[in-house]
1. Can you work out the PRE-style zone for residue B:74? Point 7 Å along Cα to Cβ, and I want the residues of the range B:131-170 with backbone N under 17 Å.
2. Using the C-alpha gyration tensor of the range B:1-130, what are the square roots of 5 times its eigenvalues, in whole angstrom, with the largest one first?
3. Report the convex hull volume per residue for the range B:226-267, counting only C-alpha atoms, in Å³.
4. Compute the label-point distances linking residue A:387 to its equivalents in the other copies; points lie 7 Å from Cα along Cα→Cβ; give nm, one decimal, shortest first.
5. Please arrange A:72, A:176, A:239 by counting, for each residue, the other beta carbons lying within 10 Å of its beta carbon, fewest first.
6. Note the full-extension length gain between residue A:172 and residue A:189 as 0.36 nm times their separation in residues minus their Cα-Cα distance, in nm to one decimal.
7. So, in Å, what gap is there between the alpha-carbon centers of the range A:156-198 and the range B:229-278?
8. On a 0 to 90 degree scale, rounded to 10, what angle separates helix A:36-53 from the longest Cα axis of chain A?
């Protein structure tokens, strides 16, 4: 390897990190309406750098939610076209008091950048941007292949706008393969391609009982309690061993192949180490008879994320709330149809709803699971590029998370996706003290630059 | 009846209401630490009026929580001594957006005063104060009997300080009977004495799982979820019909007498009317085989009031929270021992706690149920006083609520208590749009004034 692009990236490491910090300072929390302008500002920040580094046809595309961002560079006739994806929205930072440094004041400690969005996904978005810049600079103002970029500000809230856009603008987005930078290395220094994702259905069950909040002394024993009704309902959705008890829930589940299961067994993964260093609980939980990797990558799950309603401040208030709700999501594995699951889930909830309360099931987002093929030369180019940077063979893993866009690239655009990400398992995604290991940020830039050069040479 | 005290009260109705409004403007929410100074301010407001109307030995007594307030007037030798109780703290006003007028800007509509604390208990506290004033004015600067007043600012948070004070200052508080003004009329225009109260144990179950909040994609299927664990636990504390399933929970329950049950059946109470006008739910809930009055007055209950933890803002966040908690309270009936219930409750929770999480049960308050006797001449004087004002016979009821002080008066001071209150069943205690019917405020003042005069004549 003697890539000028890699050399340029190495010379500009300090500036690249500083630019990323500026992007991280924008609190682009897509789920909170008061941060709507910040999501727009994050899109504008990225768009401005796209212009500076020489991308063309840059568009900030308004939607009914947060804006999309498109750009391209299409002056490499005869060369393949890559469609790059990342997102500039982030999760809410709460609980705030558990952050060691403030979530929107990026801070370096132990060669990591700590900030909300550091690795999910602004840091990985910026890897792509800096790979584009390094290639442009190393190739005399040109890229070695054709590039289309589509980025969004709604990934953390379901990505409805980009899903609609892909369906509408299939021709505009047409490419030979996609690069999605939103995943992680399986272990430090271990180059990794993610080839499977779980799907997600995120719901809110709203429950109403009395017409107004009531005093539990005067009315306890006669008035329905929506919070207790939700507890009754949710306790019947999953048993104590982690098996989901919604009728027909597992009907279409497709198990991983024997070869894939065998490969997972060879990965450097110790359940006890995972428990201690990542989860930190007394024991791990979940369905008996499945390994942790199987349970988190290839088994569906159901989780409760929060139960708004009633009195939640410190202290005592003896209220029977008039209404309450529960945020409940389900992860799905290949072959499960989100609409089928939503039907079964809603039907079962209606059936088990105790008398005296009304329930309404709201669907906040849905996206199916997907498994991407590994038998194409883009995958080979990616493993070659990462071998140059890491000096190691790539492992193929799945992720328990959900990136609905990958399913859309596969099903709508009919192109394969490389999920080549550079996070680490302990990066605290969606949690306090999210971080990105700075050396991985740089290796990401270099790997993407080399990937494009290798694809272009083929 | 030709009471000068009643005449004075009637001449001063407008001023009495205006003074009450001033007291209601003080947001003395005892459970919220940021309102600590307001509880103090409410005590000072009442103390200043005590001084103005001629009470003596006024003390604002500091405690580890909110201050107590004591005053007396002891210049009626040979006459009985009454101990008056009310409280100047209030419940939190949330949910704020359901108030038609702001909770701390008392507003008159339809002959009611709307404000947090209007009836519970500042309005009823002020009835006592204005009865004292009217008697003083009508009796030439004297009262017809001896008076001790003990008021608190912690009733809504368990009243620990007053409980300790009564145990310590039994001699100082010694009286012939007590008057507690914190209950309601059974129906409009129906004079009522409350002769039974449920006890209360208020708990918070704290549950911890992983060491930090986790992403439900990456960890769902392997990490314990404290919110789901709480759901599992609480779903096993009470069955879908309202029966509490904690082993031994009903062991010591004492049922009402046949005579009492027969009297309840004669009360003007229609379950369907109660459902429609007070609860407003589709059906009423609770243990089959018991009437609504039986269930709410004389059966123990268990309720969930709120479940802090996880993500509760609008929108979607796929978090498995590291910790969550649940506010759970139990109402107890006569003969149940709070400490016995706490032991059984805690033991059972520990037993059914799912693996992977730790639980801690915190007791926020506890107080036993009580039933007071009706065969004393204070009760007869109260029914006579109310007959003069209402022209109707008094009914004897219980309340499902908890006033621990009544148990303390009975068990520690060994004196009978008159629970003579003037709220109405639809006054929205602890809920948005709490109100006090203004004519009942005035009838309360007059009834208390006459009660004291009649007791003094005997």
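Derivation of every value follows stated rules applied to the coordinates shown; laboratory data play no part. Everything numeric here is computed off the predicted structure, so don't read it as measured data. Positions of Cβ are backbone-derived with ideal geometry, glycine not excepted, and every protein chain shown enters the neighbour counts.
1. B:143-151, B:166-170
2. Working: eigenvalues 146, 90, 22 Å².
Its equivalent ellipsoid spans semi-axes of 27, 21, 11 Å.
3. Roughly 104 Å³ of hull volume per residue.
4. For residue A:387, the other copies' label points sit at 10.4 nm, shortest first.
5. Details: A:72 22, A:176 17, A:239 12.
Going from sparsest to densest Cβ surroundings: A:239, A:176, A:72.
6. Working: separation 17, 0.36 × 17 = 6.12 nm, distance 3.65 nm.
Gain in length upon complete extension: 2.5 nm.
7. Centre-to-centre distance over Cα atoms comes out at 55 Å.
8. 10
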